[in-house]
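The values are calculated or read from the model by the stated rules, or taken from the named source; none is laboratory data. Just so we're clear, the structure is a prediction, and the values are computed from it rather than from any experiment. All Cβ positions, even for glycine, are placed from backbone atoms using ideal geometry, and neighbour counts span all protein chains on display. All accessible areas refer to the heavy atoms of the entire protein, side chains included, with ligands and DNA or RNA removed. Shrake-Rupley method; radii C 1.70, N 1.55, O 1.52, S 1.80 Å.
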Amino acid sequence: MSVLLTGQLVAAVLFGVGLYGALSQTNLVMIMMGVELMLGAAMLNVVFFWRYLHPEMYSGQMFMLVLMTVMAVEMAVGFGVATARFRAKGSVEMEEAGELRG
Amino acid sequence: MIQFLFVLLFGVAAIWFGVKVFTTASMMRSALALLFSMAALGALFMAAEAEFLGVLQLMMMATEMSIMALFMIMYMMSPGGLTPMEMTHQKRFSLVAGVVTALLIVSVAVSQFREPSAVAVAPAPDAQLRGLGGELLERSMLVFQAAGVTILVAMIATTAVAMRRHE
């Protein structure tokens, strides 16, 4: 089996695991872990596409750096919200955050 | 062939630790499992001859997951999992959504896959660094700058949100 296809299959399973985590967990930090896994799967796809389809074009690596930025921003914003929530309610359980619903 | 074996090995490791994140009772173990999963991704990048991105991934994730573990300890009643707590909901729906999505992506990847006509040769590590540096400072400079400003804005906004309010 091709290395590119193997990478894509790993990324697909990793994305599924991350989606399961993001949907099933009630704790904000655990939800963020699910999102991290999904972003990791996206990064894996980007790197493998760059490597096995167009290694001469560096915009693929650039896209990977943008994804890393998204990951860092997601973590920062998530922990900011978690800290504010913990200060206000003493917990980061999203089951108890019904008032955040729009 | 060796490259394929390494990609398979680290791929299975990334998935295994990814599953462990949501199947262990201890929050600390979850954070560590995520760290190992991300480290396996970094190793996968290196196996695919993207050395700089692999090392970057390892360094960034080591820091990020250490911070995550710290927050775990701060916000959890029982970060070590000594008093088991139910922290899941809609498990069946989530499981179906995760499996269906993964199967959809797999079916698209397999059905649309065409073996590349020519074998793509990765540039040497130093050529990759030079190429990426050129890309960052020439064609993609605006994107690079926008990413930097976005991180700065996120840092300021996050600090503002998390600060104690004085009534």
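Numerical summary
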| read-out | value |
| --- | --- |
| Pair B:Met74, B:Arg165: separation of 7 Å Cα→Cβ label points (nm) | 1.9 nm |
| Anisotropy class of chain B from Cα gyration tensor, a/c 1.5 cut | oblate |
| Relative contact order of chain B, pairs being alpha-carbon contacts under 8 Å that are 6 or more residues apart, as % | 18 percent |
| Surface accessible to a 1.4 Å probe, B:Glu86 within the full protein complex, Å² | 140 Å² |
| Among B:Phe71, B:Phe52, B:Phe17, residue whose mean-square fluctuation peaks in a GNM of chain B (springs only between Cα atoms under 10 Å) | B:Phe71 |
| Trypsin sites (Lys or Arg not before Pro), loop per DSSP, at most 15 other Cβ atoms within 10 Å - longest free stretch of chain B | B:1-113 |
| Of the DSSP H helices in chain B, those whose Cα atoms cover at least 24 Å axially and whose Kyte score averages -0.5 or more | B:2-23, B:27-47, B:51-75, B:91-112, B:141-162 |
| Euclidean distance between Cα centres, the stretch B:128-167 to the stretch A:53-102, Å | 14 Å |
| Sites B:Ser66 and B:Val99, calculated FRET efficiency, Cβ-Cβ separation with R0 35 Å, nearest 0.05 | 0.65 |
| Cβ charges +1 (Lys, Arg) and -1 (Asp, Glu), total dipole of the protein assembly as shown, debye | 460 debye |
| For the stretch A:9-102, accessible area per residue (1.4 Å probe, heavy atoms of protein chains only), Å² | 35 Å² |
| Percent RCO, i.e. relative contact order, over chain A, from Cα pairs under 8 Å lying at least 6 residues apart | 28 percent |
| Cα-based Rg and Dmax for the protein assembly as shown, where Dmax is the largest Cα-Cα distance (Å) | 19.4, 67 |
| Whole-number Å³ per residue for the convex hull built on Cα positions in the stretch B:125-167 | 67 Å³ |
| Square roots of 5 times each gyration tensor eigenvalue, C-alpha, chain A, largest first, Å | 33, 16, 8 |
| Å² of accessible area per residue within the stretch B:125-167, as computed with a 1.4 Å probe and no ligands counted | 77 Å² |
| Assigned charges on the beta-carbon of Lys, Arg, Asp, Glu; the stretch B:125-167 dipole about Cα centre (debye) | 180 debye |
| Contour minus Cα-Cα distance for B:Asp126 and B:Leu142 (0.36 nm per residue) | 3.4 nm |
| Accessible area buried between chains B and A, both sides summed, probe 1.4 Å, in Å² to nearest 100 | 6400 Å² |
